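To start, the structure under review is shown below, and the notes come after it.
The values are calculated or read from the model by the stated rules, or taken from the named source; none is laboratory data. All values reported here derive from a predicted model rather than from experimental measurement. A quick note on method: Cβ atoms are made from the backbone with ideal geometry, for glycine too, and the neighbour counts reach across all protein chains shown. The protein model used for the area step is the full one, side chains on, heavy atoms only, and it has no ligands, DNA or RNA in it. Shrake-Rupley method; radii C 1.70, N 1.55, O 1.52, S 1.80 Å.
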Amino acid sequence: MDHDITRRAVVKGGAATAATLAAAGVPLRPALAQAAPVTGVVFEDRSGTGRRQAGDAGIAGVLVSNGREVARTDASGRYSLPIEDEAVIFVIKPTGWMVPVEPGTMLPRFYYIHQPAGTPADLNLRYRGVDPTGPLPAAVDFPLRKAAEPTAFEVLLFTDPQPESPVEVDFVRDDVVNALIGTKAAFGMTTGDIMFDDLSLYARQNRIIGQIGVPWWNIAGNHDLNFEAPGTRYSRETFKRVFGPPHYAFEYGGALFLMLDNVEYLGTDPARPRRDGKYQGRIGERQRAFIANVLAETPADRLVVVAMHIPLRTYLNPQVAGMNTLDRAEFLKLIGDRPCVSFSGHTHTTEHHYFGAEDGYAGATPHHHHVMTAVSGSWWSGPFDHRGIAAADSRDGSPNGFHVLSIDGNRYATRFQPANEPGARQMRITLDSEFHRAGRELYRDTRMGQLLGSPIPRDSAYATDVVVNVFDGGPRTKVECRIGAREPVAMTRETRPDPFVQEVFARNEATKKPWVKADPCSHIWVARLPADLDAGTHCIAVRVVDEYGREHRDHLVLEVTAGEATPGVRG
């Protein structure tokens, strides 16, 4: 083999890629020492055995990566890549082909871990890492099978299922997974915090999610770390063993999916408990080089879907390094003017952000970043429902649940699927009144509903706000309310805690995780009741136009009494 020729082909259009990397602030690393590269063939697995048989032709034009450089296979399906002492080599699944999927778990198997000595034993990891892989094989081959992939399809988006006990794995199963079996979605993904530190639960949860019956792609979060590692290196050993490379890419239906690990582990703080190892949000130079190299091989009109764990930015606290991505601007420069959307989790809130030129984004329209609702909501906090599952309302008042991504060519939309709301309700309407506040602590346990609803005395009407939590709302959402036959009134978006979840948490301290509290919500809309509202029964009708221009409606029955009623205990 002529290694010089294959080295030049490692990244097609090398000059353009180098320019892209330099513009995004990614330094070009020196060439690796002249060690033998990793080579192999991407082939059509006609037998389905995963091993190349006679007649299994190589597949030309498929991307393979070492996590930084990217090579495209030649006419015979062969690739060559530089390799370090330890690396994960993986194929980037092209449109129209499928990698092997593990029976039972539906985990894609698209990689080879090169770690000759395995995870260093002296790290004494609590959870098993990578077993020794021995010397690099003469060839690392990747099987693919043909698969029909429409350009219009749906993807299930999970983030932060985060069980920390076998009972909470039960909650994931019974609250979310059971209802998804038989889904028409093409595949699913989890964007981190698959577990809550106890990585021994991976195998069981993977088997449960595998019952949904579609391939399931995963990236890791800050609670999927090997905390005993002194830093980022070796902090993903258990994740690698179970799921494969911490960052990678694949295509489906013409769209490119970039799966990133933006949790930079800094090691354990001796002054804090083990699970509170320090980390910050950072994509890092290696992954940014990988992104640039993959994008250089991807037509500019293709939709790019980016998944990460830590948000590019969060409304909760946009200055905290552990809750925001520090090299956000460099990432946005790399994306350029492509059709693109990115997703994250981590904060257990629901947020929509739009990044423009002031953030380093060069696109004609702002880059949309969606922070998704956690499957675990408030970390499986709150009272048990009639099924014995924690209510788990999120800190911003959204129900726990997941999202569905719909793609059609290079266009996309998402929808929120609450885990346990009648008719997949998309909002909650409550009344927040001085009348209710007066007896809130006294009557919290005995008059739960009336603290946030009817009846209210007529004299208190103008001191009462209609509060609408649009669970998946954002800056582009429009909300209006109409009372009876009156003209509709535009509601005002405010950042404030949801009064409903404030009450839920206050009434259920014993079943709430100790750190959970009602935090300011970015998707609350408020309007004051009219001062001239007559005593009687009224219908409040709320109309929402969401981030994608879709309409949602809901209602609340309002009872107004004639007298100056004082809250009392129901008989």
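Below are the figures for this structure:
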item	result
Number of the condition not met by Gly382 [criteria: (1) at pLDDT below 95; (2) within 22 Å of Gln319 (Cβ to Cβ); (3) open to solvent by less than 20 Å² (accessible area, probe 1.4 Å)]	(2)
Which listed residue, of Arg275, Arg282, is modelled with pLDDT of 95 or more and either farther than 24 Å from Asp198 by Cα or not aromatic (Phe, Trp, Tyr) (or both)	Arg282
Only one of Ala506, Ala518, Ala510 that is among the hydrophobic types (A, V, I, L, M, F, W, C) and part of a loop (DSSP other than H, G, I, E, B)	Ala518
Any hit, region 337-356, residues being small (Gly, Ala, Ser), touching a helix residue (DSSP H, G or I) at 6+ places or on another chain (Cβ under 8 Å) and in contact (Cβ under 8 Å) with a residue 60 or more places away in the chain	no
So Thr365, is it open to solvent by 50 Å² or more (accessible area, probe 1.4 Å) and either modelled with pLDDT of 95 or more or in a loop (DSSP other than H, G, I, E, B) (or both)	yes
From Phe171, Phe239, residue being under 18 Å from the mean Cα position of the chain (by Cα) and buried (at least 19 other Cβ atoms within 10 Å of the Cβ)	Phe239
Tabulated pairs, region 359-376, first closer than 16 Å to Ala300 by Cα and in contact (Cβ under 8 Å) with a residue 12 or more places away in the chain, second in a loop (DSSP other than H, G, I, E, B) and hydroxyl-bearing (Ser, Thr, Tyr), C-beta under 9 angstrom, 6+ apart or interchain	His367/Tyr361
Close pairs from region 465-493: first closer than 19 Å to Asp396 by Cβ and in a strand (DSSP E or B), partner polar (S, T, N, Q) and open to solvent by 20 Å² or more (accessible area, probe 1.4 Å), Cβ under 8 Å, at least 6 apart	Val470/Gln426
Which listed residue is out of contact with any strand residue (DSSP E or B) (no Cβ under 6 Å at 6 or more places or on another chain), hydroxyl-bearing (Ser, Thr, Tyr) and open to solvent by 10 Å² or more (accessible area, probe 1.4 Å), from Tyr279, Tyr252	Tyr252
Asp85 open to solvent by 10 Å² or more (accessible area, probe 1.4 Å), at pLDDT below 95 and acidic (Asp, Glu)	yes
Members of region 528-547 that are open to solvent by less than 10 Å² (accessible area, probe 1.4 Å) and either closer than 26 Å to His352 by Cα or part of a loop (DSSP other than H, G, I, E, B) (or both)	Leu529, Leu533, Val542, Val544
Filter pass, Ala329 being open to solvent by 10 Å² or more (accessible area, probe 1.4 Å) and in a loop (DSSP other than H, G, I, E, B)	no
Residue match in region 332-343 (condition: among the acidic types (Asp, Glu) and part of a helix (DSSP H, G or I))	no
Residue list for region 478-489, restricted to those being surrounded by fewer than 19 Cβ atoms within 10 Å (Cβ to Cβ) and either more than 23 Å from Asp534 (Cβ to Cβ) or among the aromatic types (Phe, Trp, Tyr) (or both)	Lys478
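Matching residues to (1) at pLDDT below 95; (2) β-branched (Val, Ile, Thr); (3) crowded, with 24+ Cβ neighbours inside 10 Å; (4) in contact with a strand residue (DSSP E or B) (Cβ under 6 Å, 6 or more places away or on another chain):
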site: Gly345; (1), (2), (3), (4): no, no, yes, yes
site: Glu358; (1), (2), (3), (4): yes, no, no, no
site: Val375; (1), (2), (3), (4): no, yes, yes, yes
site: Arg387; (1), (2), (3), (4): yes, no, no, no
site: Asp396; (1), (2), (3), (4): no, no, yes, yes
site: His403; (1), (2), (3), (4): no, no, no, yes
site: Asp408; (1), (2), (3), (4): no, no, no, yes
site: Pro418; (1), (2), (3), (4): no, no, no, yes
site: Asp432; (1), (2), (3), (4): yes, no, no, yes
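Table: residues versus (1) open to solvent by 50 Å² or more (accessible area, probe 1.4 Å); (2) closer than 23 Å to Glu86 by Cβ; (3) among the charged types (D, E, K, R).
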residue	(1), (2), (3)
Ala117	yes, yes, no
Leu123	no, yes, no
Tyr127	no, yes, no
Pro135	yes, yes, no
Ala138	yes, yes, no
Glu149	no, no, yes
Phe153	no, no, no
Phe158	no, no, no
